[in-house]
């Protein structure tokens, strides 16, 4: 009767050694991959952390206003930390700062309310020529002058040896609160160079250019030459599309504030679309570098990280752009007017996101 054999007894010793070497190589490859992965995540985290450090303004520079209490206070570095919220509001300012022409206006003003947990956001634009009352100067001025006015008052107080009680971001927030009657928690200031850099960093955006746009101004170097149709725009052309206002062919071809506001929100959605694609994910560091160079915000670094991590909850369907269809130009007062009913509807939509309300299906 043959002697029973144990499993593997008849397998040649050389083959068993090969299997051991193979398992050893596989094990080491997995360990090596894990180390590389951890290093990559660590490097990515470091790069993102560095970018956030650049974007966040120091806490000693922040100025807050409490309208309900009528008090203004400067927030020092040791100020108590606010509890992080799932919902918040932010004023996005597109700043056109050109020393050669003395321009320092925020022609792009978008109020956004964000629900990180549910992946919802609503955006509404404030037309540049909307007039708002500013108690600090005791008269009404255009909305796009708020940031510049606040910075002027801040510098004036500093020149007088006083602790600043106002700055550009504070007055801009105050203006936005007045327009849509919601509290503005944070602000983000983006210059036009940043917009171009971010669009280029994601590889351009695809949009529908609704009509031909032709405008040249040698004084500030503006040269716009776009043709109608769906197309992929680089940073400069995307900026030209968003900013187009006057046209060489006459007033019949001008863009209204309503047109510009709509394009601004479409551009943001187009950038978001590129960023959520695989191609956009591979350009993350380029985008972060562009943002670090040109964006300033009073969002804390922890808030930025939390918002960044919550991006996986968002989809384009969850980003709503709100319109003011009844807006009109008042030639007597030289201002853009948002009717009360439009303001109320936008207020309700923005407030719903702040309160985390779900839309009925």
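Note on residue 329 and residue 358: their simple-model spin labels are 4.5 nm apart, each label 7 Å out from Cα toward Cβ. When 245, 230 are arranged by Cβ crowding within 10 Å, least crowded first, meaning fewest neighbours, the order is 230, 245.
Once the Cβ-Cβ distance between residue 206 and residue 96 is put in as r, and R0 is 25 Å, what FRET efficiency do you end up with, to the nearest 0.05?
Efficiency, rounded to the nearest 0.05: 0.50.
Relative to the current alpha-carbon distance between residue 49 and residue 136, full extension at 0.36 nm per residue lengthens the span by 27.6 nm.
Treating r as the C-beta distance of residue 277 and residue 341 and R0 as 35 Å, the FRET efficiency rounds to 0.40. Residues 294, 232, arranged from fewest to most other Cβ atoms within 10 angstrom of their Cβ, appear as 232, 294. Given their separation in residues at 0.36 nm each and the Cα-Cα distance between them, residue 214 and residue 253 gain 13.2 nm when the chain is fully extended.
Counting beta carbons within 10 Å around each of 173, 196 and listing the fewest first gives the order 196, 173. Averaging the Cα positions of each part gives two centres, and for the stretch 192-252 and the stretch 100-150 these lie 22 Å apart. Can you list the residues of the stretch 327-361 with backbone N under 16 Å from a point 7 Å past the Cα of residue 117, pointing along Cα to Cβ? Correct set: 352-359.
Label positions at residue 236 and residue 222, each projected 7 Å from the Cα along the C-beta direction, are separated by 1.7 nm. Here the stretch 121-257 yields Rg over Rh of 1.04, to two decimals, using C-alpha coordinates and the Kirkwood radius. Beyond 15 Å, the tail of the calculated P(r) for the stretch 213-278 holds 56 percent of the Cα pairs. The P(r) of the stretch 179-298 has a tail past 26 Å containing 26 percent of all C-alpha pairs.
Every number in this text was worked out from the coordinates using simple rules, so none of it is lab data. What you see is a predicted model, and the numbers here were worked out from it, not measured in a lab. All Cβ positions, glycine included, derive from the backbone under ideal geometry; neighbour counts span all protein chains shown.
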